[in-house]
Amino acid sequence: MLRGAVAVAFATSCGFRGPSLLADASGADDAGGDASPGGPRDIAHVRAVEEASFAGTADLTLAVATTIDTTAGTVTPPLPTGVALVLAPQDAGPVGAIPAPPLAILEARSIVITAIVTIRGERPLVIAASTTITLAASGVLDASSHTTLGGGGGFGAGVGPGAGAPGQPGAIYDDGGGGGAGFGGGGGNGGIAGSSAVALGGATYAPMLATLIGGSGGGAASPACRAGGGAIELSAPRVMVAGAITVGGGGGQGGNDCNSNWLSGGGGGAGGAIYIQADQLVGDGMLAANGGGGGGGSVFGTTFGTDGDDGPVTVAGARGGPGSVGQSGAGAGGDGGWRDAIAAGGTAVSAGDALIGHDGGGGGGGPGQIVLDLPPTASPTVVASPAALRR
C-alpha cells in the first residue's frame, strides 16, 4: 500500500492509501493508514492479503555471498526456517498507474546484511521485516544490470516502457547509434550519422514509484544495447543503511566490425528503483540508481568503439564510450544520467545525447528513481544518486 505522495516541498496529493509501519498502543495507524490493533502493518506495493499472511517469524543474517532469483523464487544459500521468499502479485496502485509487475517478497522478523547479495530475475524485490533491517558497511544489495540482463525487476536490453529506440542504418557504413533508455529521467538520443534517422531516448514513467518497477533497456544498434537496473524496496519500522544499494543501468556496447555496416554504439540502460519505507532511517550509506553510458561508434575496418560504463555506485554519471581510437569520424556515446534538476516534482535531468559521427554513438541511459517513504520530520543522512525524492 502507498500513502499520499509528497513531493520535494511535501505537498500532498490524493489517491494513495497510507502505509503504517507501526501501530501504536491504541491501535492508531502512525502513517495515516488503516492498521488495526494487533493487525498487519502496511507494506508499500504489497497487497493486503500478503500483509495479513506475513510469514517472517525468525531473524535472518546474510553473512556470506547470497543470490536471490526473483523469477524462480530461490535463495542461495537457502533461507532458515521462519524466513520466507513469497511470490505474489503487486498491489495495483492508484488509478492510471503503469501496470504493476508481480513481486518477490523476502519476509523475516529482522534482517542483517553484512555480505554481497546479488538480485536477479524478472520481479522487483521487497525486503520486509517486522522490526529492523540493517545493511552493514560491508553489505551490498546489488540489483544492477549486467550486460543484456536486467537486475532483479529490471528490463532486458531494448525492452520496457522507457526503452530507447534502435539505431537506424543510413548510407553504407554510416549508421545511427541506439537511444538510451529512460525512467526517472529521459534517455539520451543516439548519435546520427549522415542520412540516418535519430534514435530517440526513452521516456520517463512511474513517477514517485507509485508502481515498484525497474529501469528499461537501451536501444540496439549493430552491437548489443544494455539492460536496465532492477527494483528494490526495504520496508521496516527501522532501517539502517551503512553499506550500498545499487541498481545501475548497463553501459551500451561499443560499435564493432561484424562484417556489416551497422557499427554504431548501443544505448545505455536506465538506472533502476530504490524505495525505502520506514519510521526511522539511519546511516550514511550509498543509494545508487545511475544510468549507463552509451557505447561509442566505430568505423568499418578499424578499431572498435568503446563500451559505455555501467551506472556507478557514486554520485557521478557513467562515462559514454569514446568512438574508435584515432578515428575522428566515429561518434562517442552519451554519458549516463545521474543528477536531478531542482524543479517541481523533482524531474530528473536527461542523460547526454550521443555525438554525431561516421557511425553514431549510443545515447546515455537516464537516471532511475530513489524514493524515501518516511515521516515528514525525518532527516535521513544516506547519500543518493540521483537525489532522493520524499513521499
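Conditions (1) modelled with pLDDT under 90; (2) at positive phi; (3) crowded, with 24+ Cβ neighbours inside 10 Å, marked per residue:
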{"residue": "Ala354", "(1), (2), (3)": "yes, no, yes"}
{"residue": "His358", "(1), (2), (3)": "yes, no, yes"}
{"residue": "Pro367", "(1), (2), (3)": "no, no, yes"}
{"residue": "Leu372", "(1), (2), (3)": "no, no, no"}
{"residue": "Thr377", "(1), (2), (3)": "no, no, no"}
{"residue": "Thr381", "(1), (2), (3)": "no, no, no"}
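Identification of strands (runs of 3 or more DSSP E) wholly contained in region 264-347 with 1 or more residues that are open to solvent by less than 10 Å² (accessible area, probe 1.4 Å) and at pLDDT below 85 yields no element.
From the list Gly152, Gly93, which one is under 21 Å from the mean Cα position of the chain (by Cα), part of a loop (DSSP other than H, G, I, E, B) and farther than 29 Å from Gly296 by Cα?
Details: Gly152 fails: farther than 29 Å from Gly296 by Cα.
None of the other options fit; the residue is Gly93.
Only one entry in Gly56, Gly93 is surrounded by 14 or more Cβ atoms within 10 Å (Cβ to Cβ) and modelled with pLDDT under 95, namely Gly93.
Within region 199-213, does at least one residue satisfy the condition of being assigned to a loop (DSSP other than H, G, I, E, B), aromatic (Phe, Trp, Tyr), touching a residue at least 12 places away in the same chain (Cβ under 8 Å) and surrounded by fewer than 21 Cβ atoms within 10 Å (Cβ to Cβ)?
As a first pass, look at region 199-213 and keep what is assigned to a loop (DSSP other than H, G, I, E, B): 199-206, 210-213.
Now narrow it down to the ones that are aromatic (Phe, Trp, Tyr): 205.
Then drop every residue that is not touching a residue at least 12 places away in the same chain (Cβ under 8 Å), which leaves 205.
Within this subset, residues satisfying the condition of being surrounded by fewer than 21 Cβ atoms within 10 Å (Cβ to Cβ) are 205.
Yes, region 199-213 contains at least one residue that is assigned to a loop (DSSP other than H, G, I, E, B), aromatic (Phe, Trp, Tyr), touching a residue at least 12 places away in the same chain (Cβ under 8 Å) and surrounded by fewer than 21 Cβ atoms within 10 Å (Cβ to Cβ).
If I filter region 122-130 for residues that are over 18 Å from Gly272 (Cα atoms) and surrounded by 22 or more Cβ atoms within 10 Å (Cβ to Cβ), do I get at least one hit?
Step one: list which residues in region 122-130 are over 18 Å from Gly272 (Cα atoms), which gives 128-130.
Filter once more, keeping what is surrounded by 22 or more Cβ atoms within 10 Å (Cβ to Cβ): 128-129.
So far as region 122-130 goes, yes, one or more of its residues are over 18 Å from Gly272 (Cα atoms) and surrounded by 22 or more Cβ atoms within 10 Å (Cβ to Cβ).
Scanning region 38-93 for residues that are farther than 22 Å from Gly139 by Cα and in contact (Cβ under 8 Å) with a residue 60 or more places away in the chain yields Arg41, Ile43, Ala44, His45, Val46, Phe54, Gln90, Asp91, Gly93. Ala143 meets all of the listed conditions (1) under 29 Å from Val282 (Cβ atoms); (2) open to solvent by less than 10 Å² (accessible area, probe 1.4 Å); (3) more than 21 Å from the chain's Cα centre (by Cα) but one, namely (3).
The values are calculated or read from the model by the stated rules, or taken from the named source; none is laboratory data. Here the structure is a predicted model, which means the values were calculated and not measured. Methodologically, a virtual Cβ is constructed for each residue, glycine included, from the backbone with ideal geometry; neighbour enumeration extends over all protein chains shown. Calculation scope for accessible area: heavy atoms of the full protein, side chains included, ligands and nucleic acids excluded. Shrake-Rupley method; radii C 1.70, N 1.55, O 1.52, S 1.80 Å.
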